[in-house]
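The values are calculated or read from the model by the stated rules, or taken from the named source; none is laboratory data. All figures in this text were calculated on a predicted structure; none of them were measured in a lab. Cβ sites come from the backbone with ideal geometry, for glycine too, and all protein chains shown count toward neighbours.
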Amino acid sequence: MDDLSRELIIDRFQNPRYRGILNPHDIVYEDDNPLCGDHIQITLRVDENDIVTEALFDGQGCSISQASADMLVESVIGKPVEEVKQITKDDVMDNLGLELGPVRLKCALLSLKVLKAGVYGLGEGEASDDLVE
């Protein structure tokens, strides 16, 4: 991991810009990474044109999972829900700017799994890792 990426992750972990819970919200989903105990909840507000107007995450876990969630929710504000559905794991990894092994990759992609489960309207426990492929 290069120094700039490391600094970005540490900063977003220690000083998240988009941590909290929207209440009321239009979309909510939460999930855990059972391998390491990371937990993420994402809440979104969507306007009448299906544009994400506000997005926040809450949870706990390692610096990569929390920084990834903070950057991801920031990136969806102002986007149509249909565009949010098209976000890929490559988009998340580009935000982080680093290569990760399989275990840390699951940490980084937990927020994407949660986001996609929410925008696809999945019920509790229905999200699978296939959402981030």
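Test V81 against the criterion of being among the β-branched types (V, I, T) and within 20 Å of D58 (Cβ to Cβ), and give yes or no. No; evaluated as a whole, the condition is false for this residue.
Picking from residues in region 42-65 that are of a type outside the set (D, E) and in a loop (DSSP other than H, G, I, E, B), the one that is surrounded by the fewest Cβ atoms within 10 Å (Cβ to Cβ) is N49. Scanning region 6-27 for residues that are in contact with a strand residue (DSSP E or B) (Cβ under 6 Å, 6 or more places away or on another chain) and crowded, with 16+ Cβ neighbours inside 10 Å yields Y18, L22, H25, D26, I27.
Residues that are β-branched (V, I, T), touching a strand residue (DSSP E or B) at 6+ places or on another chain (Cβ under 8 Å) and more than 29 Å from L4 (Cα to Cα) are absent from region 56-73 altogether.
Going by the conditions given, is D31 in contact with a His (Cβ under 9 Å, 6 or more places away or on another chain), closer than 26 Å to S128 by Cβ, of a type in the set (D, E) and in contact (Cβ under 8 Å) with a residue 12 or more places away in the chain? Yes, satisfied. The combined condition, being part of a helix (DSSP H, G or I), under 17 Å from G121 (Cα atoms) and either within 13 Å of the chain's Cα centre (by Cα) or modelled with pLDDT of 95 or more (or both), is fulfilled by E82. Taking the conditions exactly as written (under 17 Å from P16 (Cβ atoms), under 13 Å from the mean Cα position of the chain (by Cα), buried (at least 16 other Cβ atoms within 10 Å of the Cβ) and aliphatic (A, V, I, L, M)), does I87 satisfy them or not? Here the answer is no, as I87 does not meet what is asked. Given the criteria under 16 Å from E30 (Cα atoms) and either out of contact with any His (no Cβ under 8 Å at 6 or more places or on another chain) or modelled with pLDDT under 95 (or both), does G123 qualify? Judged against the criteria, G123 is a match. The condition of being touching a helix residue (DSSP H, G or I) at 6+ places or on another chain (Cβ under 6 Å) and within 20 Å of H25 (Cβ to Cβ) holds for only one of L72, L44, that being L72.
Using the structure shown, decide if D130 is more than 13 Å from the chain's Cα centre (by Cα) and assigned to a helix (DSSP H, G or I). Answer is yes for this residue.
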